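Below: the structure, in structure tokens.
The numbers here are math on the coordinates, done by the rules we state, and not lab data. What you see is a predicted model, and the numbers here were worked out from it, not measured in a lab. FYI the Cβ positions are ideal-geometry reconstructions off the backbone, even for glycines, and counts take in every protein chain you see.
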Amino acid sequence: MKIGVLGIQGDIQEHLRMIEKLGHEAVWVKRPEQLKELSGLIMPGGESTTMIKLMKRFGVWEPLYQMLQNGFPVYGTCAGLVLLASEIENYPEQDSLSALPVKVERNGYGRQVNSFEVELVIPVLGEPQFNAVFIRAPIIVECKDSLEVLATYNDDPVLVRYGNIMASSFHPELTNDTRIHEYFIKEVIE
Ligand code: GLN
């Protein structure tokens, strides 16, 4: 399968490496016409406001918005989750792809210095627990529709699925554990 990583800003290489490790073709996506050839897309962590600006400038925003409505599988990590969320709290208004019915608080887990790692229980993945890295991560403060919550931390959802959309507030690409990427490919894309 060809799986894309939105390659405009953020930790792109790490996601590309995960996809390749799982035996699929990884595509660094910068242009709108690349989207059509993909089975699914990962939106990396980074800075959501910068990503929005550049996605619009590169002409990726509008076609992706449409594709998400039509069931295109997308997995957003951290800033990628912010881009997918239908509502964003606590910051001046910013655009959203509005594909995931949640309200998020940007940087809800604190600033860069408050970054942390935690072992998460993720029932769909079984043992061992998953080493989750949180860096200026958004908190999902409200679910506006029934989502599949795949993992929680302090009772807040941190890994969710909503039909063709998956999102995590943490960064699985920063570990060597490929199980979440594999889950996205096997359960959401296939
Ligand atoms: N705080 C960033 C934002 O809101 C996300 C941080 C990250 O992706 N690690 O865009």
Lys, Arg +1 and Asp, Glu -1 on Cβ, resulting dipole of the chain about Cα centre, debye, nearest 20: 600 debye
Estimated inter-spin distance, Lys186 and Phe58, nm [label 7 Å along Cα→Cβ]: 3.0 nm
Long-range HN-HN contacts of Val102 with modeled amide H, under 5 Å: Ser86, Glu87, Lys144
P(r) weight above 26 Å for segment 17-141, C-alpha pairs, percent: 26 percent
Reach of Lys186 by Cα under 20 Å, taken over aspartates and glutamates that are not fewer than 8 positions away in the same chain: Glu14, Glu20, Glu25, Glu37, Glu127, Glu148, Glu173, Asp177
Extreme residue, positive dipole direction of the chain, given options Ser39, Gln94, Met55 (C-beta unit charges): Met55
Cross-link partners of Lys30 among lysines (Cα-Cα below 18 Å; sequence separation of 8 or more within a chain): Lys2, Lys53, Lys56
J(HN,Hα) series, segment 139-145, from Karplus relation 6.51 cos²θ - 1.76 cosθ + 1.60, nearest Hz, glycine and proline x: 9, 7, 8, 7, 9, 9, 7
When the convex hull of its Cα atoms is projected in every direction, mean area for segment 136-190 (nm²): 4.2 nm²
Spacing of the two label points (7 Å from each Cα toward its C-beta) at Glu37 and Asn114, in nm: 4.3 nm
